[in-house]
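Worksheet: the structure to be examined is printed underneath.
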Amino acid sequence: MIQIVNLKKTFGDKKVLRGVNLEIMDGATTVIIGPSGCGKTVLLKHIVGLIRPDEGKVMIDGVNISNLYGTSLFKVREHISVVFQGGALLDSLSVSNNITLGLRKHTKLREPELSKIVKEKLEMVKLGGTEKLMPSELSGGMKKRVAIARAIATNPKYILYDEPTTGLDPITANKIDKLICNLQQKLKITAIVVTHDLTSAYNIGDTIAMLREGEIIFEGTPKEIRNCEEQKVKEFVRGRDI
Ligand SMILES: Nc1ncnc2c1ncn2[C@@H]1O[C@H](COP(=O)(O)OP(=O)(O)O)[C@@H](O)[C@H]1O
Ligand SMILES: [Mg+2]
């Protein structure tokens, strides 16, 4: 389980996180929603230890990762995969080599085993047979799928998605939502999705947490957020709902 406790972070004079408290339940998908610039990516980076808090902590399976450095931090990170906003594929590497990047670094798996994993993961994201393609030959949705295949290649316990549908057309965005749901059901990976896309949040979230003004101001099911009478929650939901 991931527990975020009283997390605070200020950049210069900008208080981005003002005491975030959130528990991420295992085996489910938690969506963290909030307007652009509210600190979603900053929060996500704290969860993988890429940013250190000014105050508070992130506990992953009982370990406070905010105090970990070096090897002990990498050990915890081995169980967490992140799908960054742009997909972050390396343009000079084929689809296959992008997917095996982490595996080559952290395991001693050999070519036949690596190929088998690539094939299996590509089929899971419905991109079977694209091993040899280069990122420049892929559409935005396909790039996102490859980034997801790479994320699941290491069999993580946790998968974090940063704005997985941003920049995609609505049909492709919907397909990515479905993929995220399918993978969650098949692989039972605990997923955290940060997004400003409310439609996507409704589609995939078991729990939705709303980040506003540096705090989690609401936590509940998609149905509960729709019916919430709290002014700040309503403003965001009504402004974006379609
Ligand atoms: N490394 C950094 N240094 C200074 N300011 C930052 C840094 N990272 C993020 N910020 C600021 O924190 C705020 C929240 O950013 P971010 O988490 O990226 O928002 P979003 O909710 O859109 O993901 C923004 O005002 C951004 O400029
Ligand atoms: Mg962001």
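Any read-out appearing in this document is the output of simple, stated calculations on the displayed coordinates, not a laboratory observation. Keep in mind that what you see is a predicted model, and the values were worked out from it rather than measured. FYI the Cβ positions are ideal-geometry reconstructions off the backbone, even for glycines, and counts take in every protein chain you see.
Overall shape: oblate for the chain, with the ratio a/c of the largest to smallest alpha carbon gyration tensor axis at 1.5 or above and b/c at least equal to a/b. Overall, the anisotropy analysis places the stretch 114-175 in the oblate class: the square-rooted eigenvalues a ≥ b ≥ c of its C-alpha gyration tensor yield a/c not less than 1.5, with a/b not exceeding b/c. Using a Gaussian network model of the chain with C-alpha springs under 10 Å, which one of Thr71, Thr172, Thr130 is most mobile by mean-square fluctuation? Fluctuation is largest for Thr71. Qualifying trypsin sites (Lys or Arg not before Pro) in the stretch 102-151, where qualification requires a DSSP coil assignment and no more than 11 other C-beta atoms within 10 Å, comprise Lys108, Arg110, Lys132. Among the GluC sites (Glu not before Pro) in the stretch 146-242, those located in a DSSP loop and surrounded by at most 14 other Cβ atoms within 10 Å of their own Cβ are Glu213, Glu229, Glu230. Between amide H atoms placed 1.01 Å from N, distances below 5 Å from Val31 occur with Val193, Asp206, Thr207, Ile208, Ala209, all of them 5 or more places distant or on a separate chain. Based on the alpha carbons, how large is the Rg to Rh ratio for the stretch 1-87 when Rh follows Kirkwood? Here the Rg-to-Rh quotient is 0.94. Note that the stretch 195-212 has calculated 3J(HN,Hα) couplings of 7, 9, 8, 5, 4, 4, 4, 5, 5, 10, x, 7, 10, 10, 10, 9, 9, 8 Hz, one per residue in order, obtained from phi through the Karplus relation 6.51 cos²θ - 1.76 cosθ + 1.60 (θ = phi - 60°); glycine and proline are x.
With respect to the chain, whose longest principal axis is taken over its alpha-carbon atoms, helix 231-240 is tilted by about 40°. Put the Cα centre of the stretch 108-174 next to the Cα centre of the stretch 1-67 and the gap is 26 Å.
Evaluating 6.51 cos²θ - 1.76 cosθ + 1.60 at θ = phi - 60° for every residue in the stretch 177-191, the Karplus couplings come out as 4, 4, 4, 4, 5, 4, 5, 4, 5, 6, 9, 6, 7, 6, 10 Hz, glycine and proline recorded as x.
The residue among Val48, Val76, Leu93 whose Cα reaches farthest toward the positive pole of the charge dipole of the stretch 40-109, with charges on the beta-carbon of Lys, Arg, Asp and Glu, is Leu93. The HN-Hα couplings worked out from phi for the stretch 103-120 by the Karplus form 6.51 cos²θ - 1.76 cosθ + 1.60 (θ = phi - 60°) are 5, 5, 6, 10, 10, 10, 4, 9, 3, x, 5, 4, 4, 5, 5, 4, 4, 4 Hz, whole numbers, x standing for Gly and Pro. Among the chymotrypsin sites (Phe, Trp or Tyr not before Pro) in the stretch 11-87, those located in a DSSP loop and surrounded by at most 11 other Cβ atoms within 10 Å of their own Cβ are Tyr69.
Working note: 222 nm ellipticity from helices only, DSSP H runs with n ≥ 4, each -39,500 (n - 2.57), summed and divided by the residues of the chain, gives -12000 deg cm²/dmol to the nearest 500.
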